[in-house]
Amino acid sequence: DTAVSQTPKYLVTQMGNDKSIKCEQNLGHDTMYWYKQDSKKFLKIMFSYNNKELIINETVPNRFSPKSPDKAHLNLHINSLELGDSAVYFCASRPDGRPGGAFFGQGTRLTVV
Amino acid sequence: ILNVEQSPQSLHVQEGDSTNFTCSFPSSNFYALHWYRWETAKSPEALFVMTLNGDEKKKGRISATLNTKEGYSYLYIKGSQPEDSATYLCAPETSYDKVIFGPGTSLSVIP
């Protein structure tokens, strides 16, 4: 069973469209993240949710809206897609309590044309 | 913006060599320090999380140390193997749940 799963794995779309990436974790973790891997392969934190509540929002354009319907899901909705949004987006989760490593999904490669 | 530096940027070693990388981060606002291994076409995988100054962690041939007072961590790989080829990411956690990734050190182990 995949611990953290993202769908779709690949997404090609035109500028101006609205799209969503879904993330689900079956680990019972309390915290979920979205990271963006930029053109230099840097992983940049975008959002962090703990038990469905937004904890971290790292100066991401408000075209990006995370939604957490329950603590096992953290979806990323992107409005009015721009060329610069092309990147690989990673979802991750980790449990509450003492600091522990995060478990990452396989990534979603978004290409805006 | 948190300044996390890792050196070297990339490294090529022969199979059997031992190697080490450095991660430096601001020593203020420290909560924990993570190390991840990221193989090509896969997802980052957690190696260690350290919280206390002087912490040392070990997993097989890989070990890490932490100095929170001066803001650095070392990752060591003893007797590198081709399967160790990956990018190694350091990630300070500045407050609970805020994990910021460094640029990584890319390791290639030549058989």
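The values are calculated or read from the model by the stated rules, or taken from the named source; none is laboratory data. Quantities reported herein were computed from a predicted structural model and do not represent experimental measurements. Using ideal geometry, Cβ is built from the backbone for each residue, glycine included, and neighbour counts are taken over all protein chains shown. Protein only, heavy atoms only, side chains kept; ligands, DNA and RNA dropped before computing areas. Shrake-Rupley method; radii C 1.70, N 1.55, O 1.52, S 1.80 Å.
Do you know which of the residues in the stretch B:93-102 that are in a loop (DSSP other than H, G, I, E, B) and not acidic (Asp, Glu) is modelled with the lowest pLDDT? My answer is B:TYR96. Mind telling me which of the residues A:GLY107, A:GLY97, A:GLY28 ends up being over 14 Å from the mean Cα position of the chain (by Cα), touching a residue at least 40 places away in the same chain (Cβ under 8 Å) and at positive phi? Sole residue among the options that is over 14 Å from the mean Cα position of the chain (by Cα), touching a residue at least 40 places away in the same chain (Cβ under 8 Å) and at positive phi: A:GLY28. Annotation: B:SER28 fulfils all but one of (1) under 9 Å from the mean Cα position of the chain (by Cα); (2) open to solvent by 30 Å² or more (accessible area, probe 1.4 Å); the unmet one is (1). As for the stretch A:42-60, it holds no residue that is out of contact with any Phe, Trp or Tyr (no Cβ under 7 Å at 6 or more places or on another chain), farther than 25 Å from B:THR87 by Cβ and at pLDDT 95 or above. All of (1) crowded, with 16+ Cβ neighbours inside 10 Å; (2) part of a strand (DSSP E or B); (3) touching a residue at least 40 places away in the same chain (Cβ under 8 Å) hold for A:SER5 with one exception: (1).
Within the stretch B:93-108, the residues that satisfy the criterion of being open to solvent by less than 10 Å² (accessible area, probe 1.4 Å) and more than 10 Å from chain A (Cβ to nearest Cβ) are B:THR105, B:LEU107. One residue alone among B:LEU47, B:LEU52, B:LEU11, B:LEU33 is within 14 Å of chain A (Cβ to nearest Cβ) and over 30 Å from A:SER5 (Cα atoms), and that residue is B:LEU52. Out of the residues in the stretch B:35-92 that are in contact (Cβ under 8 Å) with a residue 60 or more places away in the chain, open to solvent by less than 30 Å² (accessible area, probe 1.4 Å) and part of a loop (DSSP other than H, G, I, E, B), which is nearest to A:TRP34 (Cα to Cα)? Step by step, filter the stretch B:35-92, then rank; the result is B:SER80. Sort out which residues of the stretch B:3-25 are farther than 10 Å from B:THR105 by Cα, assigned to a strand (DSSP E or B), among the hydroxyl-bearing types (Ser, Thr, Tyr) and in contact (Cβ under 8 Å) with a residue 60 or more places away in the chain, and write them in order of number. Matches in the stretch B:3-25: B:THR19 only.
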